[in-house]
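The block underneath contains the structure these notes are about, expressed in structure tokens.
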Amino acid sequence: MKYTFFFISILLIFNACKKPQAPIFIGINNLKIGKIQDGQLMLTADAHCHNPNAMKGKLTGTDLDISIKGKSAGVVNQTELVKIPANADFIIPLEARLSSSFLSKNLLGGVLSFLQDGKVPVHIQGDVTIKIVEIPLKIPVDHTDEISLKDLL
């Protein structure tokens, strides 16, 4: 009888524990061109996500590529510690440095085409990784937006 109670208790504990679900990517907000730093143009944005789990988490890394007008422009460098709340929406601040070679070849050389278009398409794609109960979970990100020419000048 003792062993039966122990065995049933162990089964209940394992059934109650389930793997956390991956958070849901909702969208990118506040996509802006920032300052020029060390010869590189800063691009900032906020990734809006939702954590459906009853447990908190933390951001462990980003693997996001930025392309402008279909050409690779840079990667997101995530430096801020972001705590992920349980059962809630959260914001991950993103910051990317656009390479000086990209700027000179694509933006400065194509100013006339940008003047005609007025807006520049920006594509952000990759993964954001968070940990919930030390289990790494990836949030796939795929977002296209436009930046106005006046934001570039």
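The values are calculated or read from the model by the stated rules, or taken from the named source; none is laboratory data. For clarity, every value in this text was computed on a predicted model and none was experimentally measured. When we count neighbours, we look across all protein chains shown, and the Cβ atoms used for this are built from the backbone with ideal geometry, even at glycine.
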(message) Restricting to segment 60-96, give me the number of residues that are without any contact (Cβ under 8 Å) to a residue 24 or more places away in the chain and farther than 20 Å from Ile36 by Cα.
(response) 1
(message) For the condition more than 19 Å from the chain's Cα centre (by Cα), surrounded by 12 or more Cβ atoms within 10 Å (Cβ to Cβ) and either at pLDDT 90 or above or assigned to a strand (DSSP E or B) (or both), what is the one hit in Val120, Val128?
(response) Val120
(message) Could you check segment 2-33 and list, in sequence order, the residues that are of a type outside the set (Val, Ile, Thr), at pLDDT 75 or above and either in contact with a helix residue (DSSP H, G or I) (Cβ under 7 Å, 6 or more places away or on another chain) or part of a helix (DSSP H, G or I) (or both)?
(response) Lys32
(request) Taking Cys49 as meeting all but one of (1) modelled with pLDDT under 90; (2) part of a strand (DSSP E or B), write down the number of the exception. (result) (1)
